[in-house]
1. Quick check: residue separation of residue 59 and residue 242 times 0.36 nm, minus the Cα distance between them. What number comes out in nm?
2. So, by mean Cβ neighbours within 10 angstrom, what's the order for 98-107, 124-133 with the highest one leading?
3. May I ask you to derive the FRET efficiency for residue 261 and residue 130 from their Cβ-Cβ distance with R0 = 41 Å, giving the value to the nearest 0.05?
4. Label-point separation (nm) for residue 115 and residue 232, each offset 7 Å from Cα along Cα-to-Cβ?
5. What FRET efficiency do you get for residue 225 and residue 92 if R0 is 22 Å and r is their Cβ-Cβ distance, rounded to the nearest 0.05?
6. Return the distance in nm (one decimal) between the two label points of a simple spin-label model at residue 190 and residue 36, each offset 7 Å from Cα along Cα→Cβ.
């Protein structure tokens, strides 16, 4: 007996949300409409990121040391965003392989030992709350940052005009942040199935004590296959996130070092925004 993969169906909103913001994730058994949507999102991201990067660089005049830091920051952010989208596109086979192993794990629960529908509904609701909640929180932070930047730009005449370019800048930053969410989603899918596996081990342990040798061998085969499929799914997931996470870590490290520098300037001059606009 074969079953239709249910998890991508429950996660359709979360997956499409991630795709809309530049992470064109692939899943099997997608409809023609979804495939067209994925292609549009992919093409848009691959074209929009370089254009936004060029327009942002034009708006930045690299004349002073503090502005050079901003220039390097933009270069890292836009390059990372492009690498992320490119990696998602090039790892299509590994993504489908990951979902294939998840489906094989699901098929091992055909005996009704676990109510996957109920588990998946709870999991899907949690993911929607998590992703949308963090997105709203991130938007709120950047609106605050841009508002503050606008205020001091008018009063302190900051060299870099962030009010014109912040949308381009934020789009590239958002791609990297959304990639984190897609990675977290995969990790939590694997974590959920590991929990199912552990629950099943406890259940089987009680059953095997009262079973004959033939039943024991059958149950052990099921355990072996579940473990093997989980391992292969984890391997595929890691292959899908290697380069994007490496560049994300490099970007975060640079941002941290840059923050330390700005803090030093603030403490030394007692006026952060004057230090930024000093010529």
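1. Numbers: separation 183, 0.36 × 183 = 65.88 nm, distance 3.22 nm.
Full-extension gain reported as 62.7 nm.
2. 98-107, 124-133
3. 0.80
4. Taking the two extended label points, one gets 3.0 nm.
5. For R0 = 22 Å, the calculated efficiency reads 0.30.
6. The two pseudo-label positions are separated by 3.6 nm.
Readers should treat all values here as calculations from the given coordinates under stated rules, not as data from a laboratory. As the structure is a prediction and not an experimental result, all values here were calculated from the model. Note that each Cβ is placed from the backbone with ideal geometry, even for glycine, and that neighbours are counted across all protein chains shown.
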